[in-house]
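Colleague: I am attaching a structure below and will ask some questions about it afterwards.
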Amino acid sequence: MRTNFRSLRLLSAALLMTLGAASCTDSTGPTEDDIRNVIAALATSGGTSASFHAGAPPAGGSGPSVNVTGSSSMITGGSSMRNLASSQSFSRIIVAIEGLDGYWEVTLPSSVTSQDIILTLGQDITDGSFTVQYAGGTSGGVGSFDSESVNVVSVGTGDVQVSVSWNSNADVDLHVVEPNGEEIYYGNASSASGGSLDLDSNASCSGDNVRNENVTWPTASPPRGTYTVRVDYWSACSVSSTSYVVTVRVAGSAPTTFQGTFTGSGNGGGEGDGTLVTTFTY
């Protein structure tokens, strides 16, 4: 009998440890209806990262109201910039998605009336659109929410994915140079290794309003080694300036983003052209 009771105690302890471990996992990882499955990361353009909070976002009240602007098309795994502006100063930003649990919150280092933020989407989004809610706030409360419907363009993802988004009707081109020196861009959309420019947007100022380009290896393993990423301002398409965000995703690492702004008329660049954004190793 003592052996049986001892076995029962050991079994109960094991069950408690298993349940405790499952509880910890559930509290830290995204659930099925979690905002982090759609917006995987959020930060300001200055690099202040958002914190995730479970549950419903704070109710909008008498705090500062913000207006949101930016391109409403985003690609799976990519990033895009939004500007939040208000006639009143705000020091907090709340971002939620209608119908999903949890929200992102940014605490700014100082109060502002305008702030750029960068949204980074997950790679496995299944919905073609979703509604994002933005609010500004202070320590005293949160203002009313401004809503935006985001259209999701499905593109290739994979172990290496490089993308660019921009905020104007300009023609911006993404160039990715593989470790062997072959360059993937609009003039060489498929490489010998299986790399592909599977989204080429606003070519020759066509005005498609997608404003994203994407390079990945959809049917092959990316080659090992060091990659070079450049972005070229092919044409301004009559706009005065264009801001862009490049997203680099490498399996096993958090996505990284890089920002810049183009001015001038553009250069109609081809192979070897463009502004160096970053290098990375896979």
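The values are calculated or read from the model by the stated rules, or taken from the named source; none is laboratory data. These numbers come from a predicted model, not from an experiment. Cβ sites come from the backbone with ideal geometry, for glycine too, and all protein chains shown count toward neighbours. Ligands, DNA and RNA are stripped out before the accessible areas are found, and what is left, the full protein with its side chains, is counted by its heavy atoms. Shrake-Rupley method; radii C 1.70, N 1.55, O 1.52, S 1.80 Å.
Colleague: Pairs under 7 Å by beta carbon, first residue assigned to a loop (DSSP other than H, G, I, E, B) in segment 247-258, partner among the β-branched types (Val, Ile, Thr), six or more apart or different chains?
Modeller: Pro255/Thr120; Pro255/Thr247; Pro255/Val248
Colleague: Okay, next question. Does segment 85-92 contain at least one residue that is surrounded by 20 or more Cβ atoms within 10 Å (Cβ to Cβ), closer than 15 Å to Ala41 by Cα and not polar (S, T, N, Q)?
Modeller: No, the conditions are met nowhere in segment 85-92.
Colleague: Can you list the strands (runs of 3 or more DSSP E) lying wholly within segment 136-183 that have 2 or more residues being in contact with a helix residue (DSSP H, G or I) (Cβ under 8 Å, 6 or more places away or on another chain), in contact (Cβ under 8 Å) with a residue 40 or more places away in the chain and over 25 Å from Ser201 (Cα atoms)?
Modeller: In segment 136-183, no matching strands (runs of 3 or more DSSP E) lie anywhere.
Colleague: While we're looking at this one, here's another question. Please enumerate the residues belonging to segment 134-152 that are crowded, with 18+ Cβ neighbours inside 10 Å and either of a type in the set (Asp, Glu) or within 18 Å of the chain's Cα centre (by Cα) (or both).
Modeller: Those that are crowded, with 18+ Cβ neighbours inside 10 Å and either of a type in the set (Asp, Glu) or within 18 Å of the chain's Cα centre (by Cα) (or both): Tyr134, Asp146, Val150, Val152.
Colleague: Could you tell me whether Gly99 is open to solvent by 20 Å² or more (accessible area, probe 1.4 Å) and part of a loop (DSSP other than H, G, I, E, B)?
Modeller: Yes; evaluated as a whole, the condition is true for this residue.
Colleague: If you don't mind, there's one more thing I want to ask. Filter segment 184-193 for residues that are open to solvent by less than 20 Å² (accessible area, probe 1.4 Å) and outside any strand (DSSP E or B) and give the result.
Modeller: Taking segment 184-193 and keeping what is open to solvent by less than 20 Å² (accessible area, probe 1.4 Å), we get 184, 191.
Matches in segment 184-193: Ser191 only.
Colleague: Can you say whether Ser49 is under 15 Å from the mean Cα position of the chain (by Cα), at pLDDT below 95 and of a type in the set (Gly, Ala, Ser), as far as the supplied structure shows?
Modeller: On the way: under 15 Å from the mean Cα position of the chain (by Cα): yes; at pLDDT below 95: no; of a type in the set (Gly, Ala, Ser): yes.
It is false that Ser49 is under 15 Å from the mean Cα position of the chain (by Cα), at pLDDT below 95 and of a type in the set (Gly, Ala, Ser).
Colleague: Does segment 102-111 include one or more residues that are at pLDDT 95 or above, outside any strand (DSSP E or B) and open to solvent by less than 60 Å² (accessible area, probe 1.4 Å)? Reasoning before the result, please.
Modeller: Taking segment 102-111 and keeping what is at pLDDT 95 or above, we get 102-111.
Subset that is outside any strand (DSSP E or B): 102.
Within this subset, residues satisfying the condition of being open to solvent by less than 60 Å² (accessible area, probe 1.4 Å) are 102.
Yes, that holds for at least one residue.
Colleague: Hey, another quick one. Just to be sure, is Ser79 within 26 Å of Arg211 (Cα to Cα), at pLDDT 95 or above, open to solvent by 40 Å² or more (accessible area, probe 1.4 Å) and touching a strand residue (DSSP E or B) at 6+ places or on another chain (Cβ under 7 Å)?
Modeller: Judged against the criteria, Ser79 is not a match.
Colleague: Go through segment 210-246 and give me each residue that's closer than 28 Å to Ser129 by Cα, hydroxyl-bearing (Ser, Thr, Tyr) and not in a strand (DSSP E or B).
Modeller: Thr219
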